[in-house]
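Down below is the structure, laid out as structure tokens.
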Amino acid sequence: MPSFTVYKGHESGKVVKSTTTRPDLTRDEVLVKITASGLCGTDLHYHKADMGLGHEGVGIVQELGPETTYLKVGDRVGWGYEHNSCGHCQQCLRGNEVHCAERAMYGYADLDQGSMGEGAVWKEAFLFKIPDNMSDEVAAPLMCGGATVFNALHQFPIEATDTVAVLGVGGLGHLAIQFAAKMGCEVIVLSGSDKKKDEAMSLGASEFIAMKGAKEIKTSRPIDRLIVTTSAQPDWNLLTQVLAPNASIYPLSVDEGNFSIPYMPLLLNGLRVQGSLVASRYIHQRMIAFAALHQIKPILEKFPMSEEGINAAIKKLQDGEMRYRGVLLN
């Protein structure tokens with residue numbers, strides 16, 4: 001019976017060390033020794049819950065169940081937000097298992113384990129091989145942050161002739177800039193101030209606009225796709241002025257309350273607001289391959305995989321000081 005250290009949330013807000021024990025591996029289960037875990041903004045929603053934290057995991061296969069078919073001991077693998085699905089419903093059959101009614105997701109299933117710990121047991125079908133030219137620390141934030149932005153650009157396919165705007169330069173935004181630029185798009189970055197302009201341009205942006213205090217904004221060309229990576233809602237009256245007819249808006253960050261947008265610009269310009277979750281396995285695999293090919297890498301800060309390290313990383317993320325993804329290393 002595999003037994004390993006995990007780090008759980010606590011009502012005090014301080015992450016605590018714990019141990020979980022899983023039954024002997026059956027069917028297509030895989031025991032993974034964790035080497036790295038990303039820290040995602042979603043983890044902040046659960047850090048006071050009695051559950052294993054983390055959903056951006058990378059590690060080394062240690063043991064295989066009797067019905068595994070393609071992984072082998074020693075393989076480096078990663079996993080993300082979804083752990084399992086029924087495999088036979090219409091959503092699963094069409095490769096859209098993230099919307100399966102029986103999906104097993106972080107925060108809802110497998111609460112005794114996460115990516116913050118020494119080990120984990122997952123279904124082989126929901127583990128992804130990590131390319132040789134990608135390090136564990138680079139791969140970890142891509143398992144959710146990278147998959148989330150890539151999904152919006154891939155599932156609702158963009159063209160190289162599209163102008164893509166990224167609202168916010170942070171954990172998601174700095175990855176979205178890189179992916180969109182490598183896809184051949186003109187990338188416009190919208191941010192509060194000029195503070196991150198040089199960095200955004202170095203990541204692949206062709207234009208940068210500071211919005212704080214602006215009464216109107218002007219872009220060199222109308223925006224076809226707007227990737228929203230900030231949780232705080234922007235001034236939509238301002239943004240709808242620069243959206244192209246039939247433009248699409250993709251809200252990617254998690255926030256409470258309602259999404260509110262001016263009614264008439266939505267109708268008159270045929271705008272679309274498209275919900276987008278994490279990537280399906282098909283798109284997740286393509287994201288990893290694309291990132292490895294184009295050397296897309298998160299800007300990250302490293303912390304030890306310990307109570308002290310995890311709590312320090314969480315505080316830095318809560319304070320808005322993380323640049324831009326925290327990675328916990330065993």
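The values are calculated or read from the model by the stated rules, or taken from the named source; none is laboratory data. A quick note: this is a predicted structure, and the numbers were derived from the prediction, not measured. A quick note on method: Cβ atoms are made from the backbone with ideal geometry, for glycine too, and the neighbour counts reach across all protein chains shown. For accessibility, only protein heavy atoms count, side chains too; no ligands or nucleic acids. Shrake-Rupley method; radii C 1.70, N 1.55, O 1.52, S 1.80 Å.
Summed over segment 1-29, the residues that are among the hydroxyl-bearing types (Ser, Thr, Tyr) and buried (at least 18 other Cβ atoms within 10 Å of the Cβ) give a count of 2.
One line per residue, one yes/no per condition, for (1) modelled with pLDDT under 95; (2) in contact with a His (Cβ under 8 Å, 6 or more places away or on another chain):
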site: ALA176; (1), (2): no, no
site: ALA180; (1), (2): no, no
site: GLY184; (1), (2): no, no
site: VAL189; (1), (2): no, no
site: ALA200; (1), (2): no, yes
site: THR219; (1), (2): no, no
site: ASP224; (1), (2): no, no
site: PRO234; (1), (2): yes, no
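When you scan segment 93-122, how many residues do you find that are in contact (Cβ under 8 Å) with a residue 24 or more places away in the chain, part of a strand (DSSP E or B) and either hydrophobic (A, V, I, L, M, F, W, C) or surrounded by fewer than 18 Cβ atoms within 10 Å (Cβ to Cβ) (or both)? Summing the residues that are in contact (Cβ under 8 Å) with a residue 24 or more places away in the chain, part of a strand (DSSP E or B) and either hydrophobic (A, V, I, L, M, F, W, C) or surrounded by fewer than 18 Cβ atoms within 10 Å (Cβ to Cβ) (or both) in segment 93-122 gives 4.
Residues that are out of contact with any strand residue (DSSP E or B) (no Cβ under 7 Å at 6 or more places or on another chain) and farther than 25 Å from PHE4 by Cα: does segment 102-109 have at least one? Yes.
Applying the selection to segment 42-64, what residues are assigned to a strand (DSSP E or B), surrounded by 20 or more Cβ atoms within 10 Å (Cβ to Cβ) and aliphatic (A, V, I, L, M)?
Across segment 42-64, the qualifying residues are VAL58, VAL61.
Give segment 192-225 a look and list any residue that's free of Cβ contacts under 8 Å to residues at least 24 places away in the same chain and not in a loop (DSSP other than H, G, I, E, B), or say none. ASP194, LYS195, LYS197, ASP198, MET201, SER202, GLU207, PHE208, ILE209, ALA210 - these are the residues of segment 192-225 that are free of Cβ contacts under 8 Å to residues at least 24 places away in the same chain and not in a loop (DSSP other than H, G, I, E, B).
Conditions tested, residue by residue: (1) within 18 Å of ASN311 (Cα to Cα); (2) in contact with a Lys or Arg (Cβ under 9 Å, 6 or more places away or on another chain); (3) among the acidic types (Asp, Glu).
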residue	(1), (2), (3)
SER18	yes, yes, no
VAL32	no, no, no
SER37	yes, no, no
GLN62	no, yes, no
GLU67	no, yes, yes
LYS72	no, no, no
GLY95	no, yes, no
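Set side by side, the residues LEU252, LEU142, LEU238 differ, and just one is in contact with a Leu (Cβ under 7 Å, 6 or more places away or on another chain) and not β-branched (Val, Ile, Thr), which is LEU252. Only residues that are open to solvent by less than 20 Å² (accessible area, probe 1.4 Å) and among the aromatic types (Phe, Trp, Tyr) were counted in segment 190-247, giving 1. For segment 42-60, the criterion of being out of contact with any Pro (no Cβ under 6 Å at 6 or more places or on another chain), within 24 Å of ARG76 (Cβ to Cβ) and modelled with pLDDT under 95 is satisfied by at least one residue. Considering (1) open to solvent by 10 Å² or more (accessible area, probe 1.4 Å); (2) within 27 Å of PHE179 (Cα to Cα), the lone condition that PHE150 does not fulfil carries the number (1).
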